[in-house]
Structures are given as structure tokens and as C-alpha cells.
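To start, the structure itself, in C-alpha cells.
The values are calculated or read from the model by the stated rules, or taken from the named source; none is laboratory data. Note that this is a predicted model, so its numbers are computed, not measured. We place every Cβ from the backbone using ideal geometry, glycine too, and count neighbours over all the protein chains shown.
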Amino acid sequence: MKVALKIALILLIFVVGVRWFERRSIYYPTRRIETDPSERGLEYREVHFNTSDNKKISAWFIPKEGARFTVLFSNGNAGNISHRLDKISTFHQLGVNVFIYDYRGYGKSQGFPSEAGLYKDIRGAYNYLLNELEIPAKRIILYGESLGGAVAIDLASQELVGGLITEGTFASVKEMSRLILPFIPSFIFASRFDSLTKIKEVDSKKMIIHSKDDEIIPFSQGKSLFEAAKEPKTFLQLRGGHNTAFWQSAQDYKEGLKSFIEEL
């Protein structure tokens, strides 16, 4: 009995430790808003909306005169919306509105991040575009970088959107754990972010962007997502690091996005 209790205690400590490491690896929120779009000469409105579980979420709406589409921008796992001005500017130059929000626990948004919570956050943002800004669903392009790609795929698998763009996104926590922690059974992890399964349900046009040199999310993860997705779809291969490929491959990046938006 004592041996069994010791084994159970060791296993419990191990699982708790893995879950702590998992959370620290997935979420790196920053509260301080360091800048805003006006520093890039962009007009913007700071807005707030409530999620289905009553969390107040902070967001920016950056309009573009004559825009036919609005990009609903979901961040990667670190920082907050004030660290995405380069990409906001890129989309603005391509002639679209941008609506970027902070997940719960990031920036000025209430709460603490979790997988279920992030899904509620993007749905709240989507509903705000539909109901408050009166933007038709077919005029909304979901864009997600890294972790944000998994969040965007979840929504796209359930709701009508005009298009879906992911950049540097992993196939699932299970697939990533097999690569970086093969000695730990995947069922121990609390998070799923199972984009590999969900992307099969996305009917809208898709663009999967991934860098061959990505040092954080292996290139094979992006290829797996692309292969699992049904048509219409396109793959954009970049060169450069996980967080820097968009400017290291700036010309290919902008031309790829421009072509995707024009085809919509």
C-alpha cells in the first residue's frame, strides 16, 4: 500500500509539473500596451466587447477607406496587440480593415488564458464584427499567427467566413508533443488545439503560410495542416525564423497575401 501511494504521489507530481510546463510554454501574456496604430499614422478605434462568459475583451479596429474585407487578427502566444503593428500595417497597405483583439489575460483584456477561453474570445470578436460593425460574414478573413492560427481554425470550422489564413501554426498539441517531448504520453497534456482535425471542416478558401526555417514550429506542421485541408487552398513557403519570416521574406509574403485577398 505504501509503495502504491508513493507511486501515485510521484505520478501526480509529474502530471502537475507537465501541466505547469505546458501552460508556461503556450501562454506568454504581456499586460503593458507599449504603442498603438497612430504611431504608424493609422486611424484606429479602441473598442471592447464581452464574451459569452462575460469577460471584457480589448480590441482595435483599424479601418481602410474602400475596403471590401476585414481581417480578424488573432495573435501568437506572446506579447499583446501593441506588438503587431508591422503586420497591421501590411494588411492595411493591402486594402483591408483590421480588427485585432487581445486574448483574455493579455493587454487590457480581463481574465486568464485557456484553450476554451481563447475560443470564446475569437467568437466574441466575430460576433462584434457581425452585430456591431455590421460586416457580412463573407467579408471577414480570419488570420492567425502561430497559436492564433489554431484559434482561427476552430472558428472557421464552425462559422461562415470569407477566408482563412494561418502563419506558422502547429497541427495540434499532440503532434507537437510527439516532436519535442516524445517520452511523455500526449494524453497527459490538458490542451488539444486540434487544428489537424478541425481544418478538414473548413469550407472557405485557405492559405497556409509557413517558413522552411521555422525554429519553433517545424515546417512539417504547416505541411500537415495543408495536406489535411480540403480545396480551395494554397500554401505559401517562406524563409526566415518563426517570428521574423514575414519581413525576411517580405516580398513573397506581401505578394502572397495580396494574391489571396484579390482572389477572394
Original post:
What residue, among those in the stretch 119-156 that are of a type in the set (S, T, N, Q) and closer than 18 Å to residue 47 by Cα, is nearest to the chain's Cα centre (by Cα)?
Top reply: 127
Original post:
How many residues does the stretch 36-60 contain that are under 16 Å from residue 92 (Cβ atoms), part of a loop (DSSP other than H, G, I, E, B) and in contact (Cβ under 8 Å) with a residue 12 or more places away in the chain?
Top reply: 4
Subject >> Hits in the stretch 61-73 (condition: within 16 Å of the chain's Cα centre (by Cα) and closer than 18 Å to residue 35 by Cα) >> reply: 73
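Residue-wise test of (1) modelled with pLDDT of 95 or more; (2) not in a helix (DSSP H, G or I).
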site	(1), (2)
192	no, yes
222	yes, no
234	yes, yes
262	yes, no
Original post:
Which of the residues that make up the stretch 203-214 are farther than 14 Å from residue 248 by Cα and either in contact with a Pro (Cβ under 8 Å, 6 or more places away or on another chain) or in a loop (DSSP other than H, G, I, E, B) (or both)?
Top reply: 203, 204, 205, 206
Original post:
Name the residues in the stretch 224-260 that are out of contact with any helix residue (DSSP H, G or I) (no Cβ under 6 Å at 6 or more places or on another chain), within 15 Å of residue 144 (Cβ to Cβ) and of a type in the set (Phe, Trp, Tyr), would you?
Top reply: 226, 260
Original post:
Given the conditions (1) surrounded by fewer than 23 Cβ atoms within 10 Å (Cβ to Cβ); (2) in a loop (DSSP other than H, G, I, E, B), which single one is not true for residue 103?
Top reply: (1)
Original post:
Quick one: what pairs do we get from the stretch 73-94, first residue closer than 26 Å to residue 115 by Cβ, second of a type in the set (Gly, Ala, Ser) and assigned to a helix (DSSP H, G or I), C-beta under 7 Å, 6+ apart or different chains?
Top reply: 74/148; 74/152; 75/148; 76/148
Subject >> Unmet criterion (only one of (1) crowded, with 16+ Cβ neighbours inside 10 Å; (2) outside any loop (DSSP other than H, G, I, E, B); (3) out of contact with any Lys or Arg (no Cβ under 9 Å at 6 or more places or on another chain); (4) of a type outside the set (A, V, I, L, M)) for residue 255 >> reply: (1)
**OP:** Return the total of residues in the stretch 23-35 being of a type in the set (D, E, K, R) and not in a helix (DSSP H, G or I).
**Re:** 3
Original post:
Hey, any hits in the stretch 112-122 for a residue that's surrounded by fewer than 19 Cβ atoms within 10 Å (Cβ to Cβ) and in contact with a helix residue (DSSP H, G or I) (Cβ under 6 Å, 6 or more places away or on another chain)?
Top reply: yes
Original post:
Which ones in the stretch 1-54 are of a type in the set (Ser, Thr, Tyr) and modelled with pLDDT under 95?
Top reply: 25, 27, 28
**OP:** Could you list, in sequence order, all residues of the stretch 121-157 that are free of Cβ contacts under 8 Å to residues at least 12 places away in the same chain, in a loop (DSSP other than H, G, I, E, B) and either in contact with a strand residue (DSSP E or B) (Cβ under 9 Å, 6 or more places away or on another chain) or under 17 Å from residue 205 (Cα atoms) (or both)?
**Re:** 136
